[in-house]
Amino acid sequence: MQYFAHEEARDQQREFMETSAKTLLEGHTIIAEAPTGLGKTAAVIAASVYASRHSESVSKILFLTGRQSQHRIVVDTILGLNSRLPSEVPKVSVVDLIGRESMCGKLDVQRQCYCEEDASSQAIGSRRSRLRQWIRDQPRHVEDTIKRGRAEGTCPYHCSIEAARDAEIIVMDYNHVFVESVSRSSLSSMSVDLDSSILIVDEAHNLPDRIRMGLELRLTKKMVNAARFEMEEHEEASERDGASDDELVKIGSSIASMRRLGGEIERWMSAGMKRLEENEEKDMLVSSSELLQVFRSSLSSSLEGDGWEKGMSRLMKILAEVRVEQSDDEEDSETSCSRLFSFLDILSRFESSEAMALVFDLLADEGRVTSCLLDPSVVSSDLISGCAGSILMSGTLYPASMYADTLGIDRDSSIEMAYSSPFSPDRRPAIIASDVTTRYAERGETNTEKIRDHIRSVLDSTPGNVAVFTTSYGILNDILEDRSWVNRSFRIKEEDPEMRKSDVSKILKSLEGGNSKNVLFGVMGGRFSEGVDYSGGVLSAAICVGLPLPPPSSRQSATLEYMSQRFGRERGWRYAAGQPAVNSVLQAMGRPIRKEEDRAILVMLEKRFGDRTYSRLLPDSLVTIPCADSDMTGRLSKRFFTRYP
């Protein structure tokens, strides 16, 4: 294919590329389980550019990924593609975009940029023009754009947004499309219409949870009180700015409603806390109608005598308009008014929908309500069906049918593909230990000591670095409570939930080269188990401790009940609990094998993988070896590294 970045395509890579191009030209969706090493990035870029340039209905290609490392791979792929194009064929233009907070170094509380506050209008226009042209000249990594923008004294985010209007491909985060509060402004500012855009969703196994997170909002008594204080500040500012008497009356009416609401919320939260205490529960479900009634009883205007509908409409309008001054130490870019607006909007939209659950629990000594989206398809289905064609891909998009169901993708306008790994299973055997578990009822010091024995047996046999991924920080801490058992030739590297990107990069760099060996302890779904490329075969082994099933909670019960009603009891459990937990293990185990020449031994320290309930959730392509104890783990490890030193 003309737009392929390399001289030749491998068999499966060519098949994926051709199938993707055909699917996109039909305006349909392909859901592909495409393992690492297949070369899926080059394949989908070639297919999407071909489809875009052979279709009058396509104007943009949106490459969505949550990994900044993948941004770089996409840009490098396009650079390679352009270098191979004949001179008469237009080069592929691309803009690499990440979050505004990361690109623009200076934002106020309303997320307004003041990068250029010391420059004149003429200087700003000239600087922006130069940076836009620089971005358009050739594919640029976002890190380089940020450096260039700051050197020019202009905003790299604004210039990238403006350059994106003319770009063929935009590389950006899922949120720009699948989170309404972000997409509403960002897509229009880039002149993007989804109905004329091709969507490529990389690492698509993360998409359902990212959509859920986009609608996960919280309500507390402190938020309501803080929003009222912001309104009062807004009222004073409006009066100083010469607002009309009518406008000031409306603001005053909303402030009065907020005072009543503060009292009503406090009483309602206190009653909820008492119910939790009486029932000895950590959390509970509350109905949208019940909570909305608290708002409605506070929003009948005493000044004008109209009903709660007008009170709600007025309040929402004022919440959206409120502007407050940012203190010098203010790090949060959102106001309490904007948070309350978003929560009320979600509460109203999903009042009669079973797809949204509200969970009441405690944050310290204060009551809290959290909105929990149970069904990502209420967001994704229309977006995916409404675009000009789409590709969803991941190495753990398993099974593809589950993601089609969960995301609400029309089976009549989509195809599901599963490609085999190009890596030999002999170079990545998976050992399943039958004598250890993280099942809560069976935890204890004896079980923990057996887990340590298995890890130690791998360390004693392994010539290189080892990664150990647990189901939680609690279990990680239990394993490392006594560190004397760790082989002294290994340096311990430990994940911290408060780690910054720079800390992660520093640890990853320490794994490369040198004479010392490292054992990296992290958690599944954490910073080191997903979205990190361990290139150059730096890991010789990956050990997964346990099965990260969601703990019992009101949210999980609601999710399981909803999925079971929609898909039946068996698939409901698989979609809500079993398969996501297994896929998290598969993601972590896939870290060491990134290229054909890599080799690593994989160890699953969880006896439940030997049970039919969970073994049937593993892909057929995974070759597993049952293991009775740590001595056997040691023997298997030694044999493997004798064969593949």
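The values are calculated or read from the model by the stated rules, or taken from the named source; none is laboratory data. Treat the numbers as computed from the prediction; the structure is a model and nothing was measured. All Cβ positions, glycine included, derive from the backbone under ideal geometry; neighbour counts span all protein chains shown.
Per-residue answers, yes or no, for (1) farther than 21 Å from Thr23 by Cβ; (2) over 19 Å from the mean Cα position of the chain (by Cα); (3) modelled with pLDDT of 95 or more:
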site: Lys147; (1), (2), (3): yes, yes, no
site: Arg150; (1), (2), (3): yes, yes, no
site: His158; (1), (2), (3): yes, yes, no
site: Ile169; (1), (2), (3): no, yes, yes
site: Asn175; (1), (2), (3): yes, no, no
site: Ser181; (1), (2), (3): yes, no, no
site: Leu194; (1), (2), (3): no, yes, yes
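Can you pull out every residue in the stretch 446-480 that is under 31 Å from the mean Cα position of the chain (by Cα) and either aromatic (Phe, Trp, Tyr) or assigned to a loop (DSSP other than H, G, I, E, B) (or both)?
Passing the criteria: Gly464, Phe469, Thr471, Ser472, Tyr473, Leu480.
Give the residue, chosen from Val177, Val171, that is buried (at least 20 other Cβ atoms within 10 Å of the Cβ) and assigned to a strand (DSSP E or B). It would help to see each step written out before you state the result.
Numbers: Val177 fails: assigned to a strand (DSSP E or B).
After ruling out the rest, the residue left standing is Val171.
Residues that are among the small types (Gly, Ala, Ser) and surrounded by fewer than 19 Cβ atoms within 10 Å (Cβ to Cβ): does the stretch 6-26 have at least one? Reasoning before the result, please.
Step one: filter the stretch 6-26 for residues among the small types (Gly, Ala, Ser), giving 9, 20-21.
Right, trim to surrounded by fewer than 19 Cβ atoms within 10 Å (Cβ to Cβ) and you get none.
The answer is no, given that none of the residues of the stretch 6-26 is among the small types (Gly, Ala, Ser) and surrounded by fewer than 19 Cβ atoms within 10 Å (Cβ to Cβ).
Here's a check for you: in the stretch 349-373, which residue that is in a loop (DSSP other than H, G, I, E, B) and of a type in the set (A, V, I, L, M) is nearest to Ile211 (Cα to Cα)? First the steps, then the outcome.
Pass one, the stretch 349-373, residues in a loop (DSSP other than H, G, I, E, B): 350-355, 364-365.
Among the residues that remain, those that are also of a type in the set (A, V, I, L, M) are: 355, 364.
Numbers: Ala355: 13, Ala364: 27 Å.
In this case the residue turns out to be Ala355.
Give the residues of the stretch 216-231 that are buried (at least 17 other Cβ atoms within 10 Å of the Cβ), more than 14 Å from Phe295 (Cβ to Cβ) and in contact with a strand residue (DSSP E or B) (Cβ under 8 Å, 6 or more places away or on another chain), sorted by residue number.
Leu217, Thr220
For the stretch 374-415, give me each residue that is assigned to a strand (DSSP E or B) and either touching a Lys or Arg at 6+ places or on another chain (Cβ under 7 Å) or surrounded by fewer than 22 Cβ atoms within 10 Å (Cβ to Cβ) (or both).
Going through the stretch 374-415, the residues assigned to a strand (DSSP E or B) turn out to be 390-394, 414-415.
Residues satisfying the conditions are Met393, Ser414, Ile415.
Considering the stretch 556-595 alone, what residues qualify as being of a type in the set (Lys, Arg), modelled with pLDDT of 95 or more and surrounded by fewer than 19 Cβ atoms within 10 Å (Cβ to Cβ)?
Just the residues of the stretch 556-595 that are of a type in the set (Lys, Arg), to begin with: 566, 569, 571, 574, 591, 594-595.
Filter once more, keeping what is modelled with pLDDT of 95 or more: 566, 569, 571, 574.
Across the stretch 556-595, the qualifying residues are Arg566, Arg569, Arg571.
Could you tell me whether the stretch 516-528 includes any residue that is exposed (fewer than 13 other Cβ atoms within 10 Å of the Cβ), assigned by TED's automatic domain parsing to the domain that holds Ala581 and not aromatic (Phe, Trp, Tyr)?
Residues of the stretch 516-528 exposed (fewer than 13 other Cβ atoms within 10 Å of the Cβ): 516.
Next, only the ones that are assigned by TED's automatic domain parsing to the domain that holds Ala581 stay: 516.
Next, from what is left, pick out any that are not aromatic (Phe, Trp, Tyr): 516.
Looking for residues that are exposed (fewer than 13 other Cβ atoms within 10 Å of the Cβ), assigned by TED's automatic domain parsing to the domain that holds Ala581 and not aromatic (Phe, Trp, Tyr), one finds at least one in the stretch 516-528, hence yes.
Table: residues versus (1) within 19 Å of Met213 (Cβ to Cβ); (2) of a type outside the set (Lys, Arg); (3) touching an Asp or Glu at 6+ places or on another chain (Cβ under 9 Å); (4) free of Cβ contacts under 8 Å to residues at least 12 places away in the same chain.
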residue	(1), (2), (3), (4)
Ser377	yes, yes, yes, no
Gly395	no, yes, yes, no
Ala404	no, yes, yes, no
Leu407	yes, yes, no, no
Asp412	no, yes, no, yes
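Could you list all residues from the stretch 40-56 that are modelled with pLDDT under 95 and surrounded by 22 or more Cβ atoms within 10 Å (Cβ to Cβ)?
Lys40
Cβ-Cβ distance below 7 Å, separation of 6 or more or different chains: which pairs start in the stretch 307-336 with a residue that is over 12 Å from Phe295 (Cα atoms) and end on one that is in a helix (DSSP H, G or I) and modelled with pLDDT under 85?
The qualifying pairs are Ser333/Glu101.
If we scan the stretch 511-529, do we find a residue that is in a loop (DSSP other than H, G, I, E, B) and of a type in the set (Val, Ile, Thr)?
Within the stretch 511-529, none of the residues are in a loop (DSSP other than H, G, I, E, B) and of a type in the set (Val, Ile, Thr).
Restricted to the stretch 427-445, and to residues that are farther than 16 Å from Ser630 by Cβ and free of Cβ contacts under 8 Å to residues at least 40 places away in the same chain, which residue is surrounded by the most Cβ atoms within 10 Å (Cβ to Cβ)?
Only one residue tops the list, namely Arg443.
How about the stretch 613-645: which of its residues are assigned to a strand (DSSP E or B) and either surrounded by 13 or more Cβ atoms within 10 Å (Cβ to Cβ) or small (Gly, Ala, Ser) (or both)?
Looking only at the stretch 613-645, we keep the residues that are assigned to a strand (DSSP E or B), and these are 624-627.
Scanning the stretch 613-645 gives Thr624, Ile625, Cys627.
Taking the condition of being among the acidic types (Asp, Glu) and touching a helix residue (DSSP H, G or I) at 6+ places or on another chain (Cβ under 9 Å), how many residues in the stretch 26-75 meet it?
Residues of the stretch 26-75 among the acidic types (Asp, Glu): 26, 33, 56.
Imposing the further condition that a residue be touching a helix residue (DSSP H, G or I) at 6+ places or on another chain (Cβ under 9 Å) reduces the set to 26, 33.
Of the residues in that region, 2 qualify.
Looking at (1) surrounded by fewer than 23 Cβ atoms within 10 Å (Cβ to Cβ); (2) within 25 Å of Arg527 (Cβ to Cβ), can you tell me which one Gly610 breaks?
The one condition Gly610 does not meet is (2).
Select, from Phe490, Phe528, the only residue that is under 25 Å from Leu64 (Cα atoms) and touching a strand residue (DSSP E or B) at 6+ places or on another chain (Cβ under 8 Å). Quick ask: steps written out before the conclusion?
Working: Phe490 fails: under 25 Å from Leu64 (Cα atoms).
Every option except Phe528 fails the conditions.
How many of the residues making up the stretch 27-73 are acidic (Asp, Glu) and under 26 Å from Gly99 (Cβ atoms)? Lay out the reasoning, then the answer.
Of the stretch 27-73, the ones acidic (Asp, Glu) are 33, 56.
Now narrow it down to the ones that are under 26 Å from Gly99 (Cβ atoms): none.
Qualifying residue count for the region: 0.
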